[in-house]
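*Asks:* Structure in structure tokens, see below.
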């Protein structure tokens, strides 16, 4: 052990100094402040699978991992549509889910946002045209943002969510 400590002492510190802080890299703090300014609280999302193959759900689940850190941005998923600000809908709307999707939308308090995720949710996917589906989400609900991809990357889903929030914030601002 003394030999190892002696070696460490003779070499000294070989790491480079820490980089200077850059406020432009503080994206999370800026987004959290922007969401709080628009909503007055965290953004609450209710995710609904309207009949997807679960590919989009895997990417949505990735948003909760430490890399994307959705909670750190002031965004969280909720179980009840009554607590939600935004509906994140995946898959083509199956005929069995149409009424449930409409009821969920009606339960969300105003102002409500809808983001359709994936090619099927956008109405252009492989499974949209069939006897068991109503088509994309826009055929059942008014969609604010559509995020294409099969499945879209988590960063694209996050961009869609933030775009919907920013558009809603811009629409609620009085024009001069």
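Coordinate-derived values only; no laboratory data. The structure presented is a predicted model; accordingly, all values stated were derived computationally and were not measured. Cβ atoms come from the backbone with ideal geometry, glycine included; neighbour counts cover every protein chain shown.
*Asks:* Sort 11, 45 so the one with the fewest other Cβ atoms within 10 Å of its own Cβ comes first. Before the final figure, lay out the partial values.
*Replies:* Details: 11 8, 45 22.
Final ranking by Cβ density, sparse to dense: 11, 45.
*Asks:* Compute a Gaussian network model of the chain, connecting alpha carbons closer than 10 Å, and tell me which residue from 57, 156, 20 fluctuates the most.
*Replies:* Among 57, 156, 20, the largest GNM mean-square fluctuation belongs to 20.
*Asks:* Then there's this: Below 8 Å between Cα atoms, with a sequence gap of 6+, how large is the relative contact order for the chain in percent?
*Replies:* Details: 284 pairs, mean separation 35.1, N = 176.
Computed value for the chain: 20 percent relative contact order.
*Asks:* Quick one: in the chain, what % of C-alpha pairs are over 20 Å apart?
*Replies:* Working: 8912 of 15400 pairs.
I get 58 percent for the Cα pairs in the chain exceeding 20 Å.
*Asks:* Let me ask something additional. Against the longest principal axis of the chain, how steep is helix 27-39, in degrees 0 to 90 to the nearest 10, with axes from Cα atoms?
*Replies:* In the chain, helix 27-39 runs at an angle near 40 degrees to the longest axis.
*Asks:* If I stretch the segment between residue 156 and residue 33 completely, what's the gain in nm (0.36 nm per residue apart, minus their alpha carbon distance), one decimal?
*Replies:* Length difference between fully extended and current span is 42.2 nm.
*Asks:* As I understand it, the value is the acute angle between the Cα axis of helix 2-11 and the longest principal axis of the Cα atoms of the chain; what does it come to in degrees, rounded to 10?
*Replies:* 80 degrees
*Asks:* Let me ask something else about it. List 137, 115, 78 from most exposed to least, where exposure is judged by having the fewest other Cβ atoms within 10 Å. Could the numbers behind the result be given before it?
*Replies:* Working: 137 29, 115 24, 78 16.
Ranked by crowding around the Cβ, least crowded first: 78, 115, 137.
*Asks:* Based on other C-beta atoms within 10 Å, arrange 139, 10 from fewest to most.
*Replies:* Working: 139 14, 10 7.
With the sparsest Cβ surroundings first, the list reads 10, 139.
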